[in-house]
1. Can you list the HN-Hα couplings for the range 217-231, worked out from phi with the Karplus curve (6.51, -1.76, 1.60; θ = phi - 60°), rounded to whole Hz and with x for Gly and Pro?
2. Which entries of Lys115/Lys196; Lys115/Lys248; Lys196/Lys452; Lys43/Lys456; Lys115/Lys452 show an alpha-carbon separation above 25 angstrom in the structure shown?
3. What figure in square angstrom, to the nearest 10, would you give for the accessible area of Lys196 with a 1.4 Å probe?
4. Nearest 20 debye, what's the magnitude of the dipole of the range 314-465 about its Cα centre given +1 on Lys and Arg Cβ and -1 on Asp and Glu Cβ?
5. Take the Cβ-Cβ distance between Ser305 and Ala351 as r, set R0 to 30 Å, and report the resulting FRET efficiency rounded to the nearest 0.05.
6. Given 0.36 nm per residue, what is the gain on full extension from Asn453 to Arg296 after removing their alpha carbon distance, in nm?
7. May I ask you to order 359-369, 276-286 by the average number of other C-beta atoms within 10 Å around their residues, highest value first?
8. Compare the Cα positions of Ala295, Leu237, Val260 along the charge dipole of the range 204-352 (+1 at Cβ of Lys, Arg; -1 at Cβ of Asp, Glu; about the Cα centre) and return the one farthest towards the positive end.
Amino acid sequence: MEPEGTTESHAPNLAQSAASKLSRMGARTKQLGDVMQEPTRHKRIILVIVCTALLLDNMLYMVIVPIIPDYLEGLQKQADRTQAAAPHDNFTNGTVHRAAERNFDLQIGILFASKAILQLLVNPLSGTFIDRVGYDIPLFIGLNVMFLSTLIFAFAESYATLFLARSMQGLGSAFADTAGIAMIADKYTVEAERSKALGIALAFISFGCLVAPPFGGILYQFAGRRVPFLILACVCLTDGILCLVILKPFSNRERENMPVGTPIHRLMIDPYIAVVAGALTICNIPLAFLEPTIARWMEETMHASQWEIGMTWFPAFFPHVLGVYLTVKLAAKYPHLQWFYGAIGMVFIGASSCTVPACKNFGQLMIPLCGICFGIAFVDTALLPTLGFLVDVRYVSVYGSVYAIADISYCLAYAMGPVVAGQIVHDLGFVQLNLGMGLANVLYAPALLLLKNVTKLKPSFSERNMLLDDGPTGLYDAIKMEQREKKRKGLCTTLDENGVETFAQRSYSEEESSGGEYA
């Protein structure tokens, strides 16, 4: 046994050692934080957080494709057995079975569309909210809602609970997707860097959509229904923690000096933005309409197996990434041809859609599906940066509302797909559906000519301001010209108590906050 004095002498040494270790850990943590806050590295970390959120959203969107129909079919069979146990004549039993089958198809269509429909309704509000509070808080809110949605999917035991989870996912996506894309546009201000960063985000979106069905199908078959959702929930939780630690959305920093974004209704009536939004909707219609209809067509025409149906879209991931890569490289070299890349993509989509019904086997079908995804990559990668550029040169560089419009364009296609596509196939046929989608893309492509002169617009000037630069032509123009020069110098005009005009320093001009006038 050690003497009492020796024990007492060890206590201060242990305390000093612990304090020294804590001090070193604190210094290393601070050093790591400083490294992460370095501008270039910070932008890359933000890109990782956003891309992970987009990957999760699109994996959750598509992972239910091989799971939910089979699960609902089990619930339907259980209900049918209960119904069959009751005494009915043969005619009544046949009528009930047909009605149940129609109701089952309708239930699946509504469940699949509910996410896009709610996202479509919430996006105008989420875009305005993002413009008011910034990008980090909405992103964090969206990740939390998506996490809860994924957990509800994992433990849902009824159609109503599944519908709630799907709708909650749409709510979370309206915040996370829009805030994430807008944050990328805000952090990457150079056009070449912005195109590259948005291209990487689009690649993650594509990977999530295309890898989720085989991911969900394999885990569902061998590990159970809950496992794929629990894995996605864990990744979503990790991304949310990373967002909280890196972005610090609730830190007490000043938000009063944020510029006021342009109202979303004003952006919607901008002709250039309207053309881009229309192109984003129409180019995604073939993908949105084929996803709920191609499985049954493959079973009827080529007797495809379940693994072939599950792997239908996966090979298309590689041409999509190739399309993103080519568009980014071309945009860096010839930035004034963004509209042309979008038009080429729409022609690709149209031609590929028209050739889908001519395919006779699984191998042939891969070619037009790869063509559709290749064209979508061209359109999205060319036009999403164009939206950011349009806001920069015609309005205020706040991107929540304009990328909410882009999200609305996507959701419009995917909300109609599960509900409308099946009815079109039933009434007109699968061939007519594909010919109509292909024709719509080819006919819309020339509309992108309206974007030809967008790159010639001068930053921070509206058409009215350009006219005034030629010199004032009247009293109103002279006053506007004088006021603008004072505002550019940080001065605003006021009247003192004697009615004498004075100048005061001003941090932010109202004209800049509203985006200026435009014709």
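1. After applying 6.51 cos²θ - 1.76 cosθ + 1.60, I find x, 5, 5, 5, 6, 9, 10, x, 5, 7, 4, x, 6, 5, 4 Hz.
2. Pairs exceeding the cut-off: Lys115/Lys196; Lys115/Lys248; Lys43/Lys456; Lys115/Lys452.
3. For Lys196, the solvent-accessible surface is approximately 120 Å².
4. That gives the range 314-465 a dipole magnitude of about 480 debye.
5. About 0.60, to the nearest 0.05.
6. 52.1 nm
7. 276-286, 359-369
8. Of Ala295, Leu237, Val260, it is Val260.
The values are calculated or read from the model by the stated rules, or taken from the named source; none is laboratory data. If you're wondering where the values come from, they're calculated on a predicted model, not measured in any experiment. Positions of Cβ are backbone-derived with ideal geometry, glycine not excepted, and every protein chain shown enters the neighbour counts. Accessible surface is based on the protein model in full, side chains and every heavy atom, while ligands, DNA and RNA are left aside. Shrake-Rupley method; radii C 1.70, N 1.55, O 1.52, S 1.80 Å.
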